[in-house]
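> My questions will all concern the structure given below.
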Amino acid sequence: MSQSISTPVGIRKLVSIAGSLVLPSLITLGAKNTWYEAAFRSTPANDNYYGMFITIMIGLSIVNTRLLFSLSRSAVESPDWIHPLNALDLFEIFLFLLLSILNFVGGMWGAGIAWTLYLSVLVVCHMRLAKSGALTIRSQSPSPSNSYRIALAVLYVLLAIGFFAFPVFQSWDLPQAFIRWYEYTISGELLWRGIFAAHACGFIYCLLDPWRRHIGFVMFVAVSCVMHATFMLMLWGLTTDSRNKNPEHVWSEIPAFYFIGVYSGSLVALVARRESLKKLEVETQA
C-alpha cells in the first residue's frame, strides 16, 4: 500500500480519512463543558445530532479506507473513481464548505474556522490530484446494464426531491415527530439542513456514472445510512428523554435509512458480482 499512499490520490484519501475521523470529534466532543464551548457547539448543545454526524463521518472514512485499500490491490492502474470530479470527493468538498459557512451563520465561529482550515487543506490535495493527470482518466470498461442505473435513479431522484422539498428549505415544525431530536436548537438544525443539501446534490450528480466514476458515493450512502439508522435505533432505545421516545422514529425514520442503505449496498454488490462473472468468463475463454 505504500506506493499508493505516496501518490496524489493516496494523500487525498488519507487527508479525508484523518479529517473525517478526528475533526468532528474534536469540534463536537473536545469543546464540551469548556469555557469556549459556545464557539464550537450549538446552544443548548444537541449531543444526539453530534453523535449522528460523527457516525456519518465514520462511514465516510470507512469507504475512503476501502477505496484506498482497493487501489493498492487493483490490477487497473487508474480506476475510474480516482477522477477528481468523482461524486464522493466533490460531496466532501461541498459538505465541508456548507459546514464552514453555516457554523459561522449559526454563531459557532470556532467550528467555522476549523472546518475552513481543513477544507483548505483538502482542496489543495484535490488540486494536486487534478494536476497529476487524473483529469484525463477515461473509463476502462463499459458501464453495466442500464437496469442497475435505473434502479438506483428511481430512489435517488425521489430522495433528492424529498430532501430539497422538506428538510433543506421547509420548516421542521409540522413533521417534527419523524425527524427532530432534542435538545432543539436553530443553529444545530441549520447544520443538518446543509448536510441534507449536500446529500441531495450528491444523489443527482452520482447518477451520471454511478458504477464507475461515482461508485464511491453509492458505497458511502450504503454504509453511512445503515450506521446512521443503527445509531438512531440505539439512541431511541437508550434515551430517557420522552421527547425522543416517539414511535415515529422507529416505524418511519429509522427503517427509511435502513432501506436506503441496504438498497444502495445491494445494487453495489450486484454490480460487483456481475463484473466478477464477466471477468471470469473472459479468463475462461482465454
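The values are calculated or read from the model by the stated rules, or taken from the named source; none is laboratory data. Being a predicted model, the structure only gives us computed values, none of them experimental. Don't worry about glycine lacking a Cβ; one is built from the backbone with ideal geometry, like all the others, and counts go over all protein chains shown. For accessibility, only protein heavy atoms count, side chains too; no ligands or nucleic acids. Shrake-Rupley method; radii C 1.70, N 1.55, O 1.52, S 1.80 Å.
> Are any residues in segment 157-199 within 23 Å of Ala39 (Cα to Cα) and open to solvent by 40 Å² or more (accessible area, probe 1.4 Å), and if so, which ones?
Tyr182, Glu183, Tyr184, Ile186, Leu190, Arg193
> Determine whether Val154 is in contact with a helix residue (DSSP H, G or I) (Cβ under 7 Å, 6 or more places away or on another chain), open to solvent by 60 Å² or more (accessible area, probe 1.4 Å) and aliphatic (A, V, I, L, M). Talk me through it step by step, then tell me what you get.
Working: in contact with a helix residue (DSSP H, G or I) (Cβ under 7 Å, 6 or more places away or on another chain): no; open to solvent by 60 Å² or more (accessible area, probe 1.4 Å): yes; aliphatic (A, V, I, L, M): yes.
No: the conditions fail for Val154.
> Could you please let me know if Pro255 is over 16 Å from the mean Cα position of the chain (by Cα), surrounded by fewer than 20 Cβ atoms within 10 Å (Cβ to Cβ) and at pLDDT 95 or above?
It is true that Pro255 is over 16 Å from the mean Cα position of the chain (by Cα), surrounded by fewer than 20 Cβ atoms within 10 Å (Cβ to Cβ) and at pLDDT 95 or above.
> Need the failing condition index for Ile204 against (1) under 17 Å from the mean Cα position of the chain (by Cα); (2) surrounded by fewer than 19 Cβ atoms within 10 Å (Cβ to Cβ); (3) not in a helix (DSSP H, G or I), just the number.
(3)
> May I ask you to verify whether Thr230 is modelled with pLDDT of 90 or more, hydroxyl-bearing (Ser, Thr, Tyr) and either open to solvent by less than 70 Å² (accessible area, probe 1.4 Å) or at negative phi (or both)?
Spelling it out, Thr230 is indeed modelled with pLDDT of 90 or more, hydroxyl-bearing (Ser, Thr, Tyr) and either open to solvent by less than 70 Å² (accessible area, probe 1.4 Å) or at negative phi (or both).
Conditions tested, residue by residue: (1) touching a residue at least 60 places away in the same chain (Cβ under 8 Å); (2) over 15 Å from the mean Cα position of the chain (by Cα).
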| residue | (1), (2) |
| --- | --- |
| Pro84 | no, yes |
| Phe91 | yes, no |
| Ile101 | yes, yes |
| Val105 | yes, yes |
| Gly112 | no, yes |
| Met127 | no, yes |
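> For segment 207-222, give me each residue that is more than 10 Å from the chain's Cα centre (by Cα) and either part of a helix (DSSP H, G or I) or hydroxyl-bearing (Ser, Thr, Tyr) (or both). Can you show your working first?
First, the residues of segment 207-222 that are more than 10 Å from the chain's Cα centre (by Cα): 207-215.
Hit for segment 207-222 is Ile215, nothing else.
> If you don't mind, there's one more thing I want to ask. Taking the condition in a loop (DSSP other than H, G, I, E, B), among the β-branched types (Val, Ile, Thr) and surrounded by fewer than 17 Cβ atoms within 10 Å (Cβ to Cβ), does Thr65 pass? I'd like the intermediate steps shown before the answer.
On the way: in a loop (DSSP other than H, G, I, E, B): no; among the β-branched types (Val, Ile, Thr): yes; surrounded by fewer than 17 Cβ atoms within 10 Å (Cβ to Cβ): yes.
When the stated conditions are applied, Thr65 does not pass them.
> Taking Trp236 and the conditions (1) open to solvent by 50 Å² or more (accessible area, probe 1.4 Å); (2) at pLDDT 95 or above, which numbered condition does it fall short on, given that it satisfies the others?
(2)
> Still on this structure: Tally time: how many residues in segment 35-49 are over 17 Å from Arg243 (Cβ atoms), open to solvent by less than 40 Å² (accessible area, probe 1.4 Å) and not charged (D, E, K, R)?
Here the count works out to 1.
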